[in-house]
1. Out of the residues in segment 394-426 meeting the condition of being among the basic types (Lys, Arg) and at pLDDT 90 or above, tell me which one is nearest to the chain's Cα centre (by Cα).
2. Could you tell me whether segment 497-507 includes any residue that is part of a helix (DSSP H, G or I), in the same structural domain as Pro586 (by TED's automatic domain parsing), closer than 21 Å to His584 by Cβ and basic (Lys, Arg)?
3. Given the criteria under 45 Å from the mean Cα position of the chain (by Cα), modelled with pLDDT under 90 and either surrounded by fewer than 16 Cβ atoms within 10 Å (Cβ to Cβ) or part of a loop (DSSP other than H, G, I, E, B) (or both), does Ile580 qualify?
4. For segment 163-180, give me each residue that is at pLDDT 90 or above, over 31 Å from the mean Cα position of the chain (by Cα) and surrounded by 15 or more Cβ atoms within 10 Å (Cβ to Cβ).
5. Among the candidates Leu524, Leu546, single out the residue that is part of a helix (DSSP H, G or I), in contact with a Ser or Thr (Cβ under 8 Å, 6 or more places away or on another chain) and not small (Gly, Ala, Ser).
6. Can you name every residue in segment 111-126 that is β-branched (Val, Ile, Thr) and in contact with a Lys or Arg (Cβ under 9 Å, 6 or more places away or on another chain)?
7. Filter segment 287-338 down to the residues that are of a type in the set (S, T, N, Q), at pLDDT below 70 and surrounded by 18 or more Cβ atoms within 10 Å (Cβ to Cβ), then identify the one that is nearest to the chain's Cα centre (by Cα).
Amino acid sequence: MLLVIAWAVADLATPSQLMLFGVVVVGPVLAAASARPWSVAAVGAFALLLAWATSSWQGLSGSTDQVLRLWVIAGMSVLSIVVAHNQQVLERRGHRAAENLSTLAGFVQSTEDAIITSDLNGTITSWNDSATRLYGWTAPEMIGRNISMLLTPQGAARLPVNLARVAEGHPVGMLETQRLCKDGTVLDISSSVSPVRDEHGTVVGVAGIERDITARKSAERQRQQILERSARAERLESLGQLAGGIAHDFNNLLAINLNYLDFALEQITDPDVRNDLLRVRGSAERARDLTRQLLLFARKESANAELIDLNAVIEETRVLLGRSIGAHIELVAHLAEEPVTVWADRSRMEQILLNLVINARDAMPDGGVIAMEADPLDVPDDPARQPPLPAGPYVRLRVTDTGTGIPPDVAEHIFEPFFTTKAEQHGTGLGLATVYGIVTDAGGSISLTSEVGVGTTFQILLPLATSDEQAQAGATGPSPRGDGRRILLVEDDSEVGEVADRILERHGYQVTIAGHGREALDQLHRQAFDLLATDVIMPGMSGPQLVDVVRREYPTLPVLLISGYTEDIANVHRLRAAGIPMIHKPFTAEELLHAVYRGATDAKTQSAHH
């Protein structure tokens, strides 16, 4: 096309017109077509060459117009070549730009991060696929809407400040915040916000890159909760050690006071004095209950399974908590008509009721009714029952409240250690987990039924004691006599030793007191005994350590443990599993006499376990 135009111009124009056309038209077109610095110089050189050649070749050819026509054709040919070259360059640039744009678009759509842009008012202008996966809304749903719909109230309050900062050309930088999803859930995200500029460098919008960090933040919160719970558990352990130590000393004092009161009551006939002493004894018994609660808190009281009537435990709990639980709470007890006897640790049964009643109270901030009840229940064989229980007679213990109820998602985790719905510093998350452990250790099961806004019932099933066991429990009779049996009593507290000595001597036993383990071994080397009764906590050699030595050297000698508190729970459990009986301080004369008699006359049981 350009060559045709050049030929027409060369054929029709005069020499002066050809000169003007070459300089004014061909040169600038060449320069514009090439748009490169070297093209300007080339055009200038072409114009000079055109002028020189015209003057020089005129003399050679004798025809100026023919020379000019030739140069116009040549110039237009060059112009055609340059234009074609530049068109190829522009096409290559366009292809590269399209490829780069396609690559960038692919990156934006394939990245795991949400990439969102908006104008300076917060109106969303682009929304990638990851934003859809993260927040649930599609691009058509979000483009044209304001970014504030993704923000929590706290984030929405900061939005104007952040937009103003970006409008000034400052990036907001990496920050951790929260976003709202289409389904209403809240995500933890990390966000980096930067200004978007046009070709002149003017800020025209905002670009945000956002990543879901919910899992990481959840793990961090869990780690923090574990650290806090660990610190709280350490504090509780320290308090437990303090409480256990106090309870140990207090139990020794109570053992002395209670038994000397009994000694005095045996000798006093004046009714007024006896009433006064009985009041004092009642106070001492309440103090004994207090130390029992301290030991429950300290978890330093070893299991001491015995036959107990849950009716009595329920009534004692009602009396103990009736006044202290709160004036707006009514605590009632529904007892079975007949004794409901189970083989369990009495203090742990009390702990179960205490935990369940306290939890029920906390679920009734506006007041209500808590009911404790026990009744016998025949459990049929049901393989589908969860948790599974053998068929047979059971005692059903229920604690029901009229509180707020427990949602199903909370009920699923209610017996898990450290799970609590109570506010910080108001619960360890161990109460119901402890209840679950006690119940399962006793061969029972625990379950709950709850309705939000109506209340909750915890149901515990424990095996009912057999008739033979119940008959044995009821056949205590009068305090048995020792008939001259020789007892080696190991007790580091001399006053407690004197009280026990007095009780046993008065009932036909011969008692030798040793103040520590080494002295007890010396006594055993010198003479034979029918029973070793030893305290658990003693300086130097502890009770369990002494028992281990005695069982090696004197395997047929019966042993009785006397405990008010123990730090050595594991060894005490080991000895109890070996058939060694234990009595808890503070003991009464009757309790001590029955324990010593059973220990001294039941040597076969201990020997069988040895």
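1. So the first thing to find is which residues in segment 394-426 are among the basic types (Lys, Arg), and the list is 396, 398, 422.
Still in the list and also at pLDDT 90 or above: 396, 398.
On the way: Arg396: 32, Arg398: 28 Å.
Within segment 394-426, the match that is nearest to the chain's Cα centre (by Cα) is Arg398.
2. Taking segment 497-507 first, the residues part of a helix (DSSP H, G or I) are 497-506.
Filter again for in the same structural domain as Pro586 (by TED's automatic domain parsing), leaving 497-506.
Cutting the leftovers down to closer than 21 Å to His584 by Cβ gives us 497-504.
Remaining after also requiring basic (Lys, Arg): 502.
Checked against the condition, which is being part of a helix (DSSP H, G or I), in the same structural domain as Pro586 (by TED's automatic domain parsing), closer than 21 Å to His584 by Cβ and basic (Lys, Arg), segment 497-507 yields at least one hit.
3. Numbers: under 45 Å from the mean Cα position of the chain (by Cα): yes; modelled with pLDDT under 90: yes; either surrounded by fewer than 16 Cβ atoms within 10 Å (Cβ to Cβ) or part of a loop (DSSP other than H, G, I, E, B) (or both): yes.
Spelling it out, Ile580 is indeed under 45 Å from the mean Cα position of the chain (by Cα), modelled with pLDDT under 90 and either surrounded by fewer than 16 Cβ atoms within 10 Å (Cβ to Cβ) or part of a loop (DSSP other than H, G, I, E, B) (or both).
4. Listed by number, the residues that qualify are Leu163, Arg165, Val166, Ala167.
5. Numbers: Leu524 fails: in contact with a Ser or Thr (Cβ under 8 Å, 6 or more places away or on another chain).
After applying the criteria, what remains is Leu546.
6. The first filter runs over segment 111-126 and keeps only residues β-branched (Val, Ile, Thr), leaving 111, 115-117, 123-125.
Passing the criteria: Thr123, Ile124.
7. Narrowing segment 287-338 to residues of a type in the set (S, T, N, Q): 291, 293, 302, 304, 311, 317, 324.
After this cut, where a residue has to be at pLDDT below 70 as well, the list is 293, 302, 304.
When the remaining residues are screened for being surrounded by 18 or more Cβ atoms within 10 Å (Cβ to Cβ), the result is 302, 304.
Values: Ser302: 29, Asn304: 33 Å.
Only one residue fits best here, namely Ser302.
Residue-by-condition table, conditions (1) under 17 Å from Glu112 (Cα atoms); (2) of a type in the set (Gly, Ala, Ser):
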site: Leu134; (1), (2): yes, no
site: Ala139; (1), (2): yes, yes
site: Thr152; (1), (2): no, no
site: Ala157; (1), (2): no, yes
site: Pro160; (1), (2): no, no
site: Leu187; (1), (2): yes, no
site: Ser194; (1), (2): no, yes
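The values are calculated or read from the model by the stated rules, or taken from the named source; none is laboratory data. Owing to the predicted nature of the structure, the values given are computational and were not obtained by experimental measurement. Because the Cβ atoms are built from the backbone with ideal geometry, glycine has one as well, and the counts that use them run over all protein chains shown.
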